[in-house]
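Engineer: Dropping the structure in here first, questions after.
Only the coordinates and a few stated rules stand behind these numbers; no lab work does. All values reported here derive from a predicted model rather than from experimental measurement. No Cβ is skipped: glycine too gets one built from the backbone with ideal geometry, and neighbour counts run over all protein chains shown.
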Amino acid sequence: MSRIGKKPVPVAKGVDVQVKGQTVSVKGPKGQRSFTVPDDVSVVLENGAVAFAPRGDSKRARSMWGMSRSVVENLQIGVTNGFSKKLEIEGVGYRAAVQGKVLKLSLGYSHDVNYEIPEGIEIKTPKPVEIEISGIDEQRVGQVAAEIRAWRPPEPYKGKGVKYAGEFIFRKEGKKK
């Protein structure tokens, strides 16, 4: 069984961490985030690191222990480096472009798909067939990437559609005569 919760999260340079009760606030160069630790876990800021301990020996307390530690570590990574995902578009005439706060996608439909870029998320299109999504919240970056991919997931015969960079698409053989 993994014991990731035993490892305290060291506070990086340029990051301000505050613990008030069950709330952990992390402030860094890219922004500020906070997380309320579940009541099953105690949290303490000591010796330049955030330490966690389960309250009790229940299965929930032990699972929340490791989860809380991982979330706080991701908060710190988000406010220092940020998170990003890359999408690739495959297909003839398929392309993307950012216009203001809207991502315009041409994905083979009779109309363009307009995706409103949420607050706190930055989307760039270095090439018409590449989309870079970045932000300080790992969950929101992944959610936006999944929503964009859902407009035209890659199909297994020709591989056309929107896919994550580096994603392997299992290809099928077409009909034979």
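Engineer: Which residues' amide hydrogens lie under 5 Å from the amide hydrogen of residue 102, considering only partners 5 or more residues apart or on another chain, with H built in the peptide plane?
Structural biologist: Excluding prolines and chain starts, which carry no amide H, the hits are 117.
Engineer: Return the subset of 86/127; 85/127; 124/163; 6/30; 30/104; 104/163 for which the Cα-Cα distance in this structure is over 18 Å, preserving the input order.
Structural biologist: 6/30; 30/104
Engineer: How far apart, in nm, are the 7 Å Cα→Cβ label points at residue 119 and residue 70?
Structural biologist: 2.9
Engineer: Taking the beta-carbon count within 10 Å as an exposure proxy, list 92, 24 from fewest neighbours to most.
Structural biologist: Lowest count first: 92, 24.
Engineer: Right, another one. Note down the nm distance, to one decimal, between modelled labels 7 Å out along Cα→Cβ at residue 39 and at residue 92.
Structural biologist: 6.2
Engineer: Quick check: pseudo-label points 7 Å beyond the Cα along Cα→Cβ at residue 30 and residue 7, how many nm apart are they?
Structural biologist: So the two model labels end up 1.9 nm from each other.
Engineer: Still on this model: What FRET efficiency would be calculated for the residue pair residue 158, residue 101, taking the C-beta separation as r and a Förster radius of 25 Å, to the nearest 0.05?
Structural biologist: For R0 = 25 Å, the calculated efficiency reads 0.15.
Engineer: Next question. For the pair residue 53 and residue 16, what calculated FRET efficiency results from E = 1/(1 + (r/R0)^6), where r is the Cβ-Cβ distance and R0 = 25 Å, to the nearest 0.05?
Structural biologist: On the way: r = 23 Å, r/R0 = 0.91.
Plugging the Cβ-Cβ distance into 1/(1 + (r/R0)^6) gives 0.65.
Engineer: Which ordering of 117, 136, 131 is given by a fewest-first count of other beta-carbon atoms within 10 Å?
Structural biologist: Details: 117 15, 136 24, 131 27.
Result, fewest neighbours first: 117, 136, 131.
Engineer: Taking only DSSP H segments of four or more residues, each worth -39500 (n - 2.57), what value at 222 nm results for the chain once the sum is divided by all its residues, to the nearest 500 deg cm²/dmol? Write out the running numbers ahead of the final one.
Structural biologist: Values: 2 runs with 35 residues, N = 177.
Result for the chain: -6500 deg cm²/dmol, rounded to the nearest 500.
Engineer: Which of the lysines could a cross-linker span from residue 175 if the Cα-Cα distance has to be under 21 Å and same-chain partners fewer than 8 positions apart are dropped?
Structural biologist: Answer for residue 175, where 21 Å is the Cα cut-off: 158, 160, listed by chain and number.
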